[in-house]
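The block underneath contains the structure these notes are about, expressed in structure tokens.
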Ligand code: ARG
Ligand code: ZN
């Protein structure tokens with residue numbers, strides 16, 4: 001009798017172990033409460049290599065995106081997030097793979113299941129006009145690859161990355177990147193990380209290779225194309241700073257960004273060492289209604305140089321995001337105030353550092369007046385920790401977020 005029970009229990013245990021190793025489809029999301037379809041489970045992205053050519057006449061983007069990843073479970077299929085473009089071929093470990101796409105979910109089916117803890121390489125060859133035929137989703141300021149009259153910028157927070165390359169499109173899965181970008185030779189390309197090479201091709205194009213060696217969330221990946229001049233300097237400990245400014249605006253931009261090395265030193269003292277291999281700004285020769293903390297090279301519109309003090313606050317804000325948001329990152333998009341409240345308060349600390357406590361409190365009070373203005377609807381200034389999914393970047397996240405940190409500081413003290 002006893003032996004029989006021991007054998008049944010033993011068989012059950014073996015059954016559970018076998019089941020655990022059984023291959024199943026990788027989840028098509030990472031459990032984000034606001035955007036359940038963003039990101040994918042079952043693997044861990046390691047490195048993206050984006051080999052893309054851009055044609056300025058047709059605004060066509062064409063090439064191959066390769067992802068090296070590590071499985072976290074045995075997989076019958078896995079997903080990538082990818083919207084738009086025509087997919088020409090997908091290979092898995094060099095072999096043609098089966099795939100299908102529904103909305104943003106691109107499902108790849110290996111001929112034999114992948115086992116757990118296995119490295120795999122998936123390559124997607126595609127072409128098309130970015131955004132063409134794609135239903136707009138997410139905040140309209142961040143549609144991924146954006147053409148403007150003088151070139152291209154890429155802004156993707158929160159969901160624009162999968163509108164220009166196939167990705168595990170969620171900050172829970174960071175990876176390193178190589179960008180191999182070919183453009184007509186009159187353009188310069190600025191992307192994340194460090195420029196490795198510039199090569200002139202026979203057909204009137206140029207290829208720029210950028211390596212981003214620090215793990216990065218997909219929404220922070222950027223490629224900028226324009227008529228840029230490069231201005232180089234150094235931050236603390238020899239940190240390379242490279243700014244890409246529109247040639248015709250270079251002089252005023254050099255002035256607007258002159259304090260950045262001092263800002264890096266200041267934030268390094270109060271937050272810890274600058275977390276990445278390089279920093280700088282890229283200014284699109286376009287009017288943008290936002291700036292974005294694209295990792296190692298924050299993106300601004302040309303309006304950044306207008307109105308001195310405002311510009312300095314925005315410049316400090318995007319720099320502070322390199323610590324808060326880019327190095328330390330969100331696990332859920334609903335916690336966006338941990339990015340925006342901290343970056344906003346950091347810019348107040350810069351004001352305090354430069355102009356004193358009174359000036360800083362003056363700016364904070366101006367925020368308070370805005371938050372308290374009864375003519376604004378409550379939805380536009382949500383409590384910092386509970387924005388709605390369709391108003392992720394509402395003023396409450398920024399201003400109430402900053403006030404929250406100030407209140408905390410008054411309570412616990414600077415130390
Ligand atoms: N993270 C960006 C920032 O630095 C978000 C910009 C949102 N802008 C907008 N117009 N909704 O604030
Ligand atoms: Zn911000």
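What are the residues in the stretch 294-303 that are within 24 Å of residue 212 (Cα to Cα) and surrounded by fewer than 23 Cβ atoms within 10 Å (Cβ to Cβ), if any?
Selection gives 301 alone.
What number of residues within the stretch 271-312 satisfy the criterion of being within 11 Å of ligand 1 (Cβ to nearest atom) and without any contact (Cβ under 8 Å) to a residue 60 or more places away in the chain?
4
Consider residue 413 carefully, then state whether it is within 16 Å of ligand 2 (Cβ to nearest atom) and farther than 21 Å from residue 159 by Cα. Spell out the reasoning first.
On the way: within 16 Å of ligand 2 (Cβ to nearest atom): no; farther than 21 Å from residue 159 by Cα: yes.
No; evaluated as a whole, the condition is false for this residue.
Somewhere in the stretch 322-335, is a residue in a helix (DSSP H, G or I) and away from ligand 2 (no atom under 14 Å from the Cβ)?
Just the residues of the stretch 322-335 that are in a helix (DSSP H, G or I), to begin with: 333-335.
Within this subset, residues satisfying the condition of being away from ligand 2 (no atom under 14 Å from the Cβ) are 334.
There is at least one residue in the stretch 322-335 that is in a helix (DSSP H, G or I) and away from ligand 2 (no atom under 14 Å from the Cβ).
Are any residues in the stretch 268-300 away from ligand 2 (no atom under 14 Å from the Cβ) and not in a loop (DSSP other than H, G, I, E, B), and if so, which ones?
268, 269, 270, 271, 279, 281, 282, 283, 284
Would you be able to tell me the number of residues in the stretch 201-220 that are in contact (Cβ under 8 Å) with a residue 12 or more places away in the chain and within 14 Å of residue 182 (Cβ to Cβ)? Full working, then the answer.
Looking only at the stretch 201-220, we keep the residues that are in contact (Cβ under 8 Å) with a residue 12 or more places away in the chain, and these are 201, 204-220.
If we keep only those that are within 14 Å of residue 182 (Cβ to Cβ) as well, we get 201, 204-210.
So the count comes out to 8.
Of the conditions (1) more than 26 Å from the chain's Cα centre (by Cα); (2) in a helix (DSSP H, G or I); (3) over 30 Å from residue 261 (Cβ atoms), residue 376 satisfies every one except a single condition; which number is it?
Unmet condition: (2).
Looking at the structure I just gave you, is residue 100 assigned to a strand (DSSP E or B), within 20 Å of residue 287 (Cα to Cα), modelled with pLDDT of 95 or more and away from ligand 1 (no atom under 16 Å from the Cβ)?
Criteria not met by residue 100.
Is at least one residue of the stretch 347-354 in contact (Cβ under 8 Å) with a residue 40 or more places away in the chain and outside any helix (DSSP H, G or I)?
No: zero hits.
Going by the structure shown, is residue 343 without any contact (Cβ under 8 Å) to a residue 60 or more places away in the chain, surrounded by 14 or more Cβ atoms within 10 Å (Cβ to Cβ) and either farther than 23 Å from residue 35 by Cα or touching a strand residue (DSSP E or B) at 6+ places or on another chain (Cβ under 9 Å) (or both)?
On the way: without any contact (Cβ under 8 Å) to a residue 60 or more places away in the chain: yes; surrounded by 14 or more Cβ atoms within 10 Å (Cβ to Cβ): yes; either farther than 23 Å from residue 35 by Cα or touching a strand residue (DSSP E or B) at 6+ places or on another chain (Cβ under 9 Å) (or both): yes.
It is true that residue 343 is without any contact (Cβ under 8 Å) to a residue 60 or more places away in the chain, surrounded by 14 or more Cβ atoms within 10 Å (Cβ to Cβ) and either farther than 23 Å from residue 35 by Cα or touching a strand residue (DSSP E or B) at 6+ places or on another chain (Cβ under 9 Å) (or both).
How many residues, within the stretch 91-113, are touching a residue at least 24 places away in the same chain (Cβ under 8 Å), surrounded by fewer than 12 Cβ atoms within 10 Å (Cβ to Cβ) and at negative phi?
Of the residues in the stretch 91-113, 0 are touching a residue at least 24 places away in the same chain (Cβ under 8 Å), surrounded by fewer than 12 Cβ atoms within 10 Å (Cβ to Cβ) and at negative phi.
Return the total of residues in the stretch 331-349 being within 11 Å of ligand 1 (Cβ to nearest atom) and closer than 17 Å to residue 218 by Cβ.
Counting residues in the stretch 331-349 that are within 11 Å of ligand 1 (Cβ to nearest atom) and closer than 17 Å to residue 218 by Cβ gives 2.
With the condition kept exactly as written, say whether any residue in the stretch 351-363 is modelled with pLDDT under 95, away from ligand 1 (no atom under 12 Å from the Cβ) and over 24 Å from the mean Cα position of the chain (by Cα).
Yes: the stretch 351-363 contains one or more residues that are modelled with pLDDT under 95, away from ligand 1 (no atom under 12 Å from the Cβ) and over 24 Å from the mean Cα position of the chain (by Cα).
Quick one: what pairs do we get from the stretch 379-393, first residue touching a residue at least 24 places away in the same chain (Cβ under 8 Å) and under 19 Å from residue 141 (Cα atoms), second away from ligand 2 (no atom under 15 Å from the Cβ) and part of a loop (DSSP other than H, G, I, E, B), C-beta under 6 Å, 6+ apart or different chains?
So the pair list comes out as 389/34.
Going residue by residue through the stretch 306-315, is there one that turns out to be buried (at least 23 other Cβ atoms within 10 Å of the Cβ), away from ligand 2 (no atom under 12 Å from the Cβ) and over 15 Å from residue 398 (Cβ atoms)?
no
Looking only at the stretch 191-200, decide whether some residue is assigned to a loop (DSSP other than H, G, I, E, B) and either free of Cβ contacts under 8 Å to residues at least 40 places away in the same chain or under 21 Å from the mean Cα position of the chain (by Cα) (or both).
Scanning the stretch 191-200, I find at least one residue that is assigned to a loop (DSSP other than H, G, I, E, B) and either free of Cβ contacts under 8 Å to residues at least 40 places away in the same chain or under 21 Å from the mean Cα position of the chain (by Cα) (or both), so the answer is yes.
The values are calculated or read from the model by the stated rules, or taken from the named source; none is laboratory data. The structure presented is a predicted model; accordingly, all values stated were derived computationally and were not measured. Every residue, glycine among them, receives a Cβ derived from its backbone with ideal geometry; neighbour counts consider all protein chains shown.
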